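The values are calculated or read from the model by the stated rules, or taken from the named source; none is laboratory data. The shown structure was predicted, so the numbers you read here are calculated from the model rather than taken from an experiment. Heads up, the Cβs are rebuilt from the backbone with ideal geometry, glycines too, and the neighbour counts pull from every protein chain shown. Please note that ligands, DNA and RNA were not included when accessible areas were found on the heavy atoms of the full protein model with its side chains. Shrake-Rupley method; radii C 1.70, N 1.55, O 1.52, S 1.80 Å.
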Amino acid sequence: MAASVAMAALCRRLTAALRVSGARPGSTAAGLPGLTLNLFHKNLAKVEPLHQLKFLHTTLSRRGLEEFFDDPRNWGEKTVKSGDAWNIKQLRGKSSEDLHKLWYVLLKEKNMLLTLEQESKRQLRPMPSPERLEKVEKSMKNIDLVVREREIALRLLQTGHEKPVPGEWRHDFLGRTYWYTYKEWPIPWYLNKKYKKRKFYYLPHVNHFIRLRLEKSLRRRARRQNLEKTRQKVLKRKFPHLAVKSQSQ
């Protein structure tokens, strides 16, 4: 009871100290000696709190929907200068806290670029420097890879397993390889009828179809690569100035 009364008194003192209506420049907060009120006036001295009040922040958050739009200085520009994407080597040298902050910075940048892309489509205009979106997505992908590497290293150090749940690679009756995750069962596996119905092997006659499936996958990948090369050649033929600019960079 005494603790709640003391906490209520402290809250009332803080409310009275942070009340700016009627406060004069340079006035000291009542009940908090050493804390100078300086919230909105530009010409007042900076807030100099006591050592025990260093975690008290009075900064107002003025970030709204304008963060979904590009910098007004870039409005109307056809090209916007931007740096290169974050590579894995650079990200490995950063701490986990820095990676966490960088992830949210890139997320805000991605939201802004997606808004700009949608607005450009609505106005039937080309998006200025669309490669920025690809760089942001590549940077976020690299951050995800670095974080996953650290999680795997920590898991190997603690448990000796690479996967979050132990398991093993197995084959199904069609010869496909997949990761089987171990599960807990109330009875032994040799008494479990449902588990014994599953087949973790394939017969020899399936080898022929495994080869055909692999051949089909390779042909599909080669066809996709040829289509991408053809598309690049068509783009270079249509926009030769952009091709020369990309080669010079």
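Residues in region 169-201 that are outside any loop (DSSP other than H, G, I, E, B) and touching a residue at least 12 places away in the same chain (Cβ under 8 Å): R170, H171, W179, Y180, T181.
Scanning region 200-226 for residues that are touching a strand residue (DSSP E or B) at 6+ places or on another chain (Cβ under 9 Å) and open to solvent by 100 Å² or more (accessible area, probe 1.4 Å) yields one hit, Y201. In region 122-139, of all residues being assigned to a helix (DSSP H, G or I) and open to solvent by 40 Å² or more (accessible area, probe 1.4 Å), the one that is nearest to L91 (Cα to Cα) corresponds to K138. Kindly indicate whether R148 is surrounded by 13 or more Cβ atoms within 10 Å (Cβ to Cβ), in a helix (DSSP H, G or I) and of a type in the set (K, R). No: the conditions fail for R148. Filtering region 178-237 to residues that are farther than 30 Å from P166 by Cβ and among the aromatic types (F, W, Y) leaves only F209. Close contacts from region 83-111, counting a first residue that is under 21 Å from E131 (Cα atoms) and assigned to a helix (DSSP H, G or I) and a second that is of a type outside the set (D, E, K, R) and open to solvent by 60 Å² or more (accessible area, probe 1.4 Å), with Cβ to Cβ under 7 Å and a gap of 6+ residues or different chains, come to I88/L145; N111/F68. Taken as a whole, the structure places T115 among residues that are part of a helix (DSSP H, G or I) and hydroxyl-bearing (S, T, Y). Each residue in region 199-249 was checked for being among the basic types (K, R), at pLDDT below 90 and closer than 19 Å to H171 by Cα, and 1 of them qualify. Being open to solvent by 70 Å² or more (accessible area, probe 1.4 Å) and more than 30 Å from P204 (Cβ to Cβ) is a property that E119 lacks. Among all residues of region 154-173, there is at least one that is closer than 25 Å to F200 by Cβ, at pLDDT below 90, small (G, A, S) and open to solvent by 40 Å² or more (accessible area, probe 1.4 Å). Answer yes if at least one residue in region 63-72 is modelled with pLDDT under 85, assigned to a helix (DSSP H, G or I), hydrophobic (A, V, I, L, M, F, W, C) and exposed (fewer than 11 other Cβ atoms within 10 Å of the Cβ), and no otherwise. Yes, that holds for at least one residue.
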